[in-house]
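What follows is a set of notes on a single structure, which appears directly below.
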Amino acid sequence: PRKIFSGIQPTGSLHLGNYLGAVRPWVQLQNANDDVTVCIVDLHSITMPHNPPQLRENIFVMAATLLACGIDPAKSTLFVQSAVREHAEFNWILSSLTTMPRLAQLPQFREKSRLVKDVPLGLYVYPVLQAADIMLYKATHVPVGEDQLQHIQLAQHLARTYNGRYGETFPICHAIIEESEASRVLSLRDPSKKMSKSDGNPKATINLADSPDLIAQKIKKAVTDFTSDISYHPGQRPGVSNLVNIHSQVTGQTIKSVVDEATTLDTAKYKERVAEAVVEHLRPIREQIEHHLTRRNEMIYLLEMGAEKARQQAQRTLDDVKQRLGLGTSP
Ligand code: AQP
């Protein structure tokens, strides 16, 4: 099996785009017997100004959400990054294997550093920590969004540099990038852009924790166009096509069968149908999120079990690294 590493920041609840474009594919990989590690990357979350009680709460919400979406701790390794100290330690070691100009030109750093007056060093080193996450588990495949591609290239560069200097140790990881239209969920208010958690308009984004009424309202108000029949033409009719795509994704039906079944409906009626399908699909997930959040001790236990599994691999990797670099005194 392939070794898959996925990191996700504890940002609170996920939206439908994160779910259909990222988390559900991880669950599919897990169920296809790949070796999947899912890490809630809290150390990455402190690189921008943050609120500590909120961060702690968001870690629980993210863990509950991942469990609710089907990440199964019996099959996958699910843990919180800061619980495994090796991440921070390896980050330090890797930081000596790359250069400042290389990090400074990464697009995410350039974007995010514009948002703060004094740029934290952590923001700068962020992608090195990400490489440490991946390399500690000798991951071969990393599912990411397109905007993360440069970070994966940095991880590849670090693995090559390390292997060249200290001996073949790390696989060169591959980015798994979902490029299909089906995996892209668009904003309900502006179908020229993707659904996103930082969207200023809350009506643009369906959150997994939204109530059925709220989901129905948001879909009812979704921007479509002046044609009332239902068709799938992402280029000409992005709004309606986005609904058709979401509908097909949550029911498991093909695009064609979804469209064929909607020939007698106008957009208003069709939105009701899509809303019902989304609500039905998300209902058990929402219930499971609530369920896990009321059983925090169980989650703490599951996450510690996951951390223990991760720690064993991480320690093995790091012991070998220290050995090869001449660090410490162990023979
Ligand atoms: N609309 C989407 N459709 C499909 N997949 C999506 N992903 C995000 N949005 C969609 C995938 O979810 C994972 C986490 O991505 P993210 O944290 O970048 O989520 P976001 O909502 O895109 O965040 P923001 O607020 O838009 O921007 P950031 O956080 O980057 O400042 C990824 O695998 C992504 O592909």
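The values are calculated or read from the model by the stated rules, or taken from the named source; none is laboratory data. Predicted model only: the values in this text are computed from it and were never measured. Methodologically, a virtual Cβ is constructed for each residue, glycine included, from the backbone with ideal geometry; neighbour enumeration extends over all protein chains shown.
Checking each residue of the range 107-122 against the condition of being in a helix (DSSP H, G or I), in contact with a strand residue (DSSP E or B) (Cβ under 8 Å, 6 or more places away or on another chain) and either without any contact (Cβ under 8 Å) to a residue 24 or more places away in the chain or within 16 Å of the ligand (Cβ to nearest atom) (or both) gives no match. Taken over the range 14-47, the criterion of being in contact with a strand residue (DSSP E or B) (Cβ under 9 Å, 6 or more places away or on another chain), of a type in the set (S, T, N, Q) and away from the ligand (no atom under 13 Å from the Cβ) is satisfied by Q30, T37.
In the range 213-227, is there at least one residue being in the same structural domain as T263 (by TED's automatic domain parsing), within 15 Å of the ligand (Cβ to nearest atom) and hydroxyl-bearing (S, T, Y)? No, every residue in the range 213-227 fails to be in the same structural domain as T263 (by TED's automatic domain parsing), within 15 Å of the ligand (Cβ to nearest atom) and hydroxyl-bearing (S, T, Y).
In the set T77, T11, T99, only one residue is within 16 Å of the ligand (Cβ to nearest atom) and either in the same structural domain as H157 (by TED's automatic domain parsing) or out of contact with any Asp or Glu (no Cβ under 8 Å at 6 or more places or on another chain) (or both); that residue is T11.
Just wondering, is there one or more residues in the range 158-172 that are within 11 Å of the ligand (Cβ to nearest atom) and small (G, A, S)?
no
Quick one: in the range 43-97, which of the residues that are surrounded by fewer than 19 Cβ atoms within 10 Å (Cβ to Cβ) and acidic (D, E) is nearest to I4 (Cα to Cα)? Among those residues, the one meeting the criterion is D72. The condition (being among the aliphatic types (A, V, I, L, M), surrounded by fewer than 19 Cβ atoms within 10 Å (Cβ to Cβ) and within 19 Å of S183 (Cβ to Cβ)) is satisfied by just one residue among I246, I255: I255. From the list A132, A139, the one residue that fits, being away from the ligand (no atom under 13 Å from the Cβ), not in a helix (DSSP H, G or I) and not charged (D, E, K, R), is A139.
Within the range 217-243, the residues that satisfy the criterion of being part of a helix (DSSP H, G or I) and either of a type outside the set (S, T, N, Q) or surrounded by fewer than 13 Cβ atoms within 10 Å (Cβ to Cβ) (or both) are K218, I219, K220, P238, G239, V240, L243.
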